[in-house]
1. Would you please name the residue that is nearest to the chain's Cα centre (by Cα), looking only at residues in region 129-159 that are surrounded by 13 or more Cβ atoms within 10 Å (Cβ to Cβ) and of a type in the set (Ser, Thr, Tyr)?
2. Residues that are under 25 Å from the mean Cα position of the chain (by Cα), small (Gly, Ala, Ser) and part of a helix (DSSP H, G or I): does region 30-39 have at least one?
3. Out of contact with any strand residue (DSSP E or B) (no Cβ under 9 Å at 6 or more places or on another chain), of a type in the set (S, T, N, Q) and within 30 Å of Thr121 (Cβ to Cβ), is that true of Thr37?
4. Taking region 123-156 as the region of interest, how many residues are aliphatic (A, V, I, L, M) and either touching a Gly at 6+ places or on another chain (Cβ under 8 Å) or in a loop (DSSP other than H, G, I, E, B) (or both)?
5. I'm trying to understand the selection: among the residues of region 47-70, which are loosely packed, with under 12 Cβ neighbours inside 10 Å and acidic (Asp, Glu)?
6. Which residue pairs have Cβ atoms closer than 8 Å, lie 6 or more positions apart in sequence or on different chains, and pair a first residue in region 76-103 that is farther than 27 Å from Lys122 by Cα with a second residue that is of a type in the set (A, V, I, L, M) and surrounded by fewer than 13 Cβ atoms within 10 Å (Cβ to Cβ)?
Amino acid sequence: MLTLSILGRFIPRQEGLYLETDLEQPKIDSSTLVIWTMTIGVITTLFFVLKKVENSGEAFKVFLGTVAFAIPSFFYFKSVFLLAFLLLNRIDLGERLEKKYTITFSKVYTEYTPLIYDFRTKVILYDIKVGNPEKLKNLKEGDTLTITFNKGLLGYIFDPRIK
């Protein structure tokens with residue numbers, strides 16, 4: 001339970017340093033690593049346990065037990081690996097990257113909320129978590145917005161700041 005509360009507290013903090021579109025690749029990569037690690041672990045476990053099993057009924061029970069243990073473990077370790085990826089990526093190599101976006105606005109209740117359009121992924125980012133957000137107030141619909149990022153140890157960009 002302690003690790004779940006730690007994960008619940010730190011993953012949102014780490015995710016806050018990434019734009020939505022830039023967070024997808026670390027999620028995919030960390031999940032892939034978990035799948036490979038667990039597959040190797042399950043195959044190894046089954047190999048050693050099934051060598052000692054006498055009949056097929058017992059072997060089927062061992063297989064079901066292993067799968068029943070692996071499924072919830074996957075969801076737990078998926079979060080652990082994602083947090084590890086995001087923390088390792090925060091090691092700054094000093095490399096900076098600039099990306100250009102188009103600014104647009106959405107009327108939420110009575111005020112206009114700035115949104116940015118990512119050319120690369122063709123996605124509108126609604127929840128903009130960037131440094132220097134006060135610079136968004138001076139922009140108009142269709143303006144080009146340049147955001148600088150740090151490139152981390154694992155190659156993912158993080159810490160977006162409006163230039």
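All of the numbers you see were taken from the coordinates with simple rules; none came from a lab. What you are looking at is a predicted structure, and each value in this text was computed from that prediction instead of being measured. Note: ideal-geometry Cβ built from the backbone for every residue, glycine included; neighbour counts use all protein chains shown.
1. Only one residue tops the list, namely Tyr156.
2. Yes, there is a match, as at least one residue in region 30-39 is under 25 Å from the mean Cα position of the chain (by Cα), small (Gly, Ala, Ser) and part of a helix (DSSP H, G or I).
3. Against the criterion (out of contact with any strand residue (DSSP E or B) (no Cβ under 9 Å at 6 or more places or on another chain), of a type in the set (S, T, N, Q) and within 30 Å of Thr121 (Cβ to Cβ)), Thr37 qualifies.
4. Number satisfying all stated conditions: 5.
5. Glu54, the sole residue that qualifies.
6. Filtered contacts from region 76-103: Tyr76/Leu4.
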